[in-house]
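Notes follow once the structure below has been shown.
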Amino acid sequence: MNRALWKSRTSGLLAGLGSALLLAACSPAAKVIDPLSQLRQLDGAVVWQQEYRFVPPPAPWQLIDLDEDDYSIAFMKLCNDGYPCQSTLAYAEEPFGYSLDFEERQTEFFKRFLWASRVNFAAPELRKVKIAGQDGLEAITIGVEPVLKHKVRCKILFFRRGERVVAFYYTQWRDEGKSFDIADEADFDRFAESFGFLQPSFYERLFAKSP
């Protein structure tokens, strides 16, 4: 599948998948399965595709199977208040946009992020941070879906892997009258802090071989 098309479909999926997961969880035949059990190390960390090492968020966070040929990793968590009460955290090798400048990239990112959900984003709060030992940019904003009266808190962490910009992102959906849960965002922060790279990326290896 074309990667741009896949990313567009994924944005819509992350916005609407919660109801389907909720139905599955309520089914009497539903079983709790740890899809990462065979990848876990003795310290609880997971080695993914022999390229990434991270500590996954605890249950009831669930791994989302986005695309078996893609190295992006995402988890979703539902809460008892029903849809749209859900959170998502992920690592993205190719976040929306093309610019190598962090501030320009976040502008590009929010033009396409969650486009299928008709979200109106407030201007993000930007803060320079250190991620994986290097300079990065944190962008936090709240978006509002004006028809269904849903809101979403977003936190994006942009940093570099080689010359390319990569990102961690977090979303939490709530009804406009509900409060956001800071515990979910703390799980996201721990996931990002635990993340490491075991080998150079495909692009780093490709550029290293270029004349």
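All of the numbers you see were taken from the coordinates with simple rules; none came from a lab. All of these numbers come straight from a predicted model, not from anything done at the bench. All Cβ positions, even for glycine, are placed from backbone atoms using ideal geometry, and neighbour counts span all protein chains on display.
Numerical summary
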{"quantity": "Pairwise FRET efficiency - Ala208 versus Gln134, Cβ, R0 = 22 Å, nearest 0.05", "calculated": "0.70"}
{"quantity": "Cleavage-rule hits (GluC sites (Glu not before Pro)) in region 49-108: DSSP loop, at most 16 neighbouring Cβ within 10 angstrom", "calculated": "Glu51, Glu68"}
{"quantity": "Förster radius 30 Å - calculated FRET efficiency between Ala122 and Asp81 (Cβ-Cβ, nearest 0.05)", "calculated": "0.85"}
{"quantity": "Length released on extending from Asp175 to Ser194, taking residue separation times 0.36 nm less the Cα-Cα span", "calculated": "3.8 nm"}
{"quantity": "Cα-based radius of gyration of region 97-195 once divided by 2.2 N^0.38 Å, which approximates compact folds", "calculated": "1.10"}
{"quantity": "Per-residue HN-Hα couplings for region 51-65 [Karplus 6.51, -1.76, 1.60; θ = phi - 60°; Hz; x = Gly/Pro]", "calculated": "10, 10, 10, 7, 9, x, x, x, 4, x, 4, 10, 5, 9, 8"}
{"quantity": "Cβ-based exposure ranking for Ser99, Ser87, in which fewest neighbours within 10 Å come first", "calculated": "Ser99, Ser87"}
{"quantity": "Sites matching trypsin sites (Lys or Arg not before Pro) across region 97-168 that sit in DSSP coil, with at most 12 neighbouring C-beta atoms within 10 Å", "calculated": "Lys149"}
{"quantity": "Length added when fully stretched, Ala183-Ala59, from 0.36 nm per residue minus Cα-Cα", "calculated": "43.4 nm"}
{"quantity": "Normalised contact order of region 62-171, rounded percent, pairs of Cα under 8 Å and 6 or more residues apart", "calculated": "23 percent"}
{"quantity": "Of Lys128/Lys149; Lys77/Lys149; Lys111/Lys151, pairs whose Cα-Cα distance is over 23 Å", "calculated": "Lys128/Lys149"}
{"quantity": "Net charge dipole size for region 94-211 [Lys, Arg +1 and Asp, Glu -1 on Cβ; Debye, nearest 20]", "calculated": "220 debye"}
{"quantity": "Packing-based exposure ordering (other Cβ within 10 Å, fewest first) of Val119, Val47", "calculated": "Val47, Val119"}
